[in-house]
Amino acid sequence: MRFAFTLHLLLFINVIIVRAQHAQISFIPKWQNQVLELGKYNPISSSDSVKVDVVKFYITDISFWKQGKQVYASPIKCHLIDLEINNVVKLNLPLNLSYDTIQFFIGTDSAANSTGAKAGDLDPMYGMYWAWQSGYINVKIEGSSSVCKTRKNAFQYHLGGYLSPYQTIQQLAFANTSNDINIAILIDSILQYHTLINKPEVMSPSAQAVKYMQQFKQSFQLVR
């Protein structure tokens, strides 16, 4: 009798697990409409190339909406995306959740920045924290290009800032009803030829950091 009860309980739990609503957001870096491989050279002109070694960024406050009203907010506030290790955010949603829009932010808000270093994905060991005065790096892109007039032809974009007038956090929303969400990041739209020549480094909060964060936001495209 006890065995039968245990068996039925396990089957019931299994049904719940199977029926649980899961979702995931995949971020796919692209260069000239092809999937970008980190550490590999890609053309930027007929004679010059770019090698992207690091792409890291924070995704925060993921929420789901229907007809203009929020129907669910992820309890996990912050996700660090490091394209060398992991490009996916996995979510557990309420069963039968219906939504038509997904919304999130690129970067960390003032509350996360103004109270010092944190744990989890905000741990300074991930190399995304400047100091309490400047807060977190919201986006980090590093690599090298033959067009950069720097040591070892390196470029470094460490984009952050949470105090006015250099607030860099960006909000995005996509019309979507699927639980399998794929978002392309058009890296070649950020690392343009003239950008790498004229401004191969941004390493602190500034107007330039705000501008590049806006470009980073615009490079996100929902893949249907």
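The values are calculated or read from the model by the stated rules, or taken from the named source; none is laboratory data. The shown structure was predicted, so the numbers you read here are calculated from the model rather than taken from an experiment. Ideal geometry is used to build each Cβ from the backbone, glycine not excepted, and the neighbour counts take in all protein chains shown.
Tabulated data for the structure shown
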quantity	calculated
Output for the stretch 110-161, where each listed residue is touching a residue at least 60 places away in the same chain (Cβ under 8 Å), buried (at least 18 other Cβ atoms within 10 Å of the Cβ), within 20 Å of N198 (Cα to Cα) and not polar (S, T, N, Q)	V139, K140, I141, G143, V147
Exclusive hit being among the aliphatic types (A, V, I, L, M), within 17 Å of N138 (Cβ to Cβ), in contact (Cβ under 8 Å) with a residue 60 or more places away in the chain and in contact with a Gly (Cβ under 8 Å, 6 or more places away or on another chain), set I187, I183, I169	I169
Candidates I197, I137, filtered to the one that is part of a strand (DSSP E or B) and among the β-branched types (V, I, T)	I137
Meets criteria (surrounded by 12 or more Cβ atoms within 10 Å (Cβ to Cβ) and farther than 18 Å from D188 by Cα) for I81	yes
Neighbours by Cβ (under 8 Å, 6+ apart or cross-chain): first from the stretch 47-60, closer than 13 Å to I106 by Cα; second polar (S, T, N, Q) and outside any strand (DSSP E or B)	Y58/T108; T60/T108
Test: residue in the stretch 207-214 that is among the aliphatic types (A, V, I, L, M), under 19 Å from L38 (Cβ atoms) and more than 16 Å from the chain's Cα centre (by Cα)	no
Scan of the stretch 19-45 for residues that are under 17 Å from T195 (Cα atoms) and surrounded by fewer than 18 Cβ atoms within 10 Å (Cβ to Cβ), ordered by number	Q32, P43, S45
Residues satisfying the stated conditions in the stretch 107-134, i.e. over 18 Å from D82 (Cβ atoms), among the hydrophobic types (A, V, I, L, M, F, W, C) and in a loop (DSSP other than H, G, I, E, B)	W132
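One line per residue, one yes/no per condition, for (1) within 22 Å of A112 (Cα to Cα); (2) more than 11 Å from the chain's Cα centre (by Cα); (3) not basic (K, R):
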| residue | (1), (2), (3) |
| --- | --- |
| G39 | no, yes, yes |
| V52 | no, yes, yes |
| V55 | yes, no, yes |
| V71 | no, yes, yes |
| I76 | yes, yes, yes |
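Yes or no, residue by residue, for (1) surrounded by 13 or more Cβ atoms within 10 Å (Cβ to Cβ); (2) within 23 Å of S219 (Cβ to Cβ); (3) at pLDDT 95 or above:
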{"residue": "S47", "(1), (2), (3)": "no, no, no"}
{"residue": "V50", "(1), (2), (3)": "yes, yes, yes"}
{"residue": "Q70", "(1), (2), (3)": "no, no, yes"}
{"residue": "D100", "(1), (2), (3)": "yes, no, yes"}
{"residue": "F105", "(1), (2), (3)": "yes, yes, yes"}
